[in-house]
1. Give, as ranges by residue number, the residues of the range 150-184 whose backbone N falls under 19 Å from the point 7 Å along Cα→Cβ of Leu217.
2. Checking the table Lys165/Lys209; Lys40/Lys131; Lys40/Lys165 against a 31 Å threshold on Cα-Cα, which pairs fail?
3. If you take all C-alpha pairs in the range 11-61, what percent of them are over 11 Å apart?
4. Under a point spin-label approximation (7 Å from Cα along Cα-to-Cβ), what is the Ile128-Glu36 distance to one decimal in nm?
5. Out of the total accessible area of the chain (probe 1.4 Å, heavy atoms of protein only), what percent is carbon and sulfur?
6. Kirkwood hydrodynamic radius for the range 1-135: how many Å is it when counted over pairs of different Cα atoms?
7. Bin by bin, in steps of 5 Å, what percent of the Cα pairs in the range 158-235 do you find, going until the bin that has the longest distance?
8. Given a 1.4 angstrom probe, what's the average accessible area per residue across the chain, in square angstrom?
Amino acid sequence: MAKTVVVTGCTKGIGLAIATTFAGMGFNVAGCARNEADVKHLEAHLLQSGPGVKHRIVVCDVSKTNDLDNFVNTVISTYGKIDVLVNNAGVFLPGQLITEEEGTLEHLLQTNVISAYKITRSFLPGMIEAKSGSVFNICSIASLQAYDGGGSYSISKFALLGFSKQLRHEMKPHNIRVTAVMPGATLTNSWAGVDMPEQRFIKADDIAKAIKAIYELNDYTDVEEIVIRPVMGDI
């Protein structure tokens, strides 16, 4: 019976790389994203990955409670329990705390942190019952250090790392592995239009390969945090 991975924000960039990597491993892929055309395209693509798997990609804005509830209910009704959760959905809004638009912090916390908190709480009971599961939270280098233009985005990513640390602590007795993944500049749409060579960026596929390698470790080994940077350093 195929295992199931849930990947939020799965139609582009790091999320897409993770979804297609796990599909290639024979997993059912359940995912969500905001753009309906992207969702339909990915679901059609994944359905070509072979027999014996069941993929469901749902239109969902994780910052909206109704969308989030619908996504979780769809996954649970389709698969029951899941084996791997990747909290990848997020939004990047550069700025400065003193000048960014009012409401930016609330929006970024809702999208980047609270959605992961709610989704994780929804799927944990099944993992706890099975005494097995892996949770990957896609944090950021911005989870570790302040930087120019970080603004409320950096606050939200610091918070996501804090959530990962507390979740890891609480899940130890249940044999559930929790990993905070902190990529540096990755070649995704967030950097579209930037005049820099590709060599200055991490490839999204490399993030997916790292997660795959961590997942395939012994069930009793947990990589708690992983930092991935371009070889030439941060941008």
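1. Answer for this model: 161-184.
2. The pairs that break the limit, which is 31 Å between Cα atoms, are Lys40/Lys131; Lys40/Lys165.
3. 63
4. With each label placed 7 Å out from Cα toward Cβ, I get 3.8 nm.
5. Carbon and sulfur atoms account for 52 percent of the accessible area of the chain.
6. Radius from the Kirkwood sum: 15.3 Å.
7. Percent of pairs per bin, in order: 3, 14, 21, 19, 17, 12, 8, 4, 2, 0.
8. On a per-residue basis, the chain sits at 50 Å².
The values are calculated or read from the model by the stated rules, or taken from the named source; none is laboratory data. Computed from a prediction, not measured in an experiment: that's the story for all the values here. Virtual Cβ from ideal backbone geometry, glycine too; neighbours counted across all protein chains shown. The accessibility values were calculated without ligands, DNA or RNA, using every heavy atom of the protein model including side chains. Shrake-Rupley method; radii C 1.70, N 1.55, O 1.52, S 1.80 Å.
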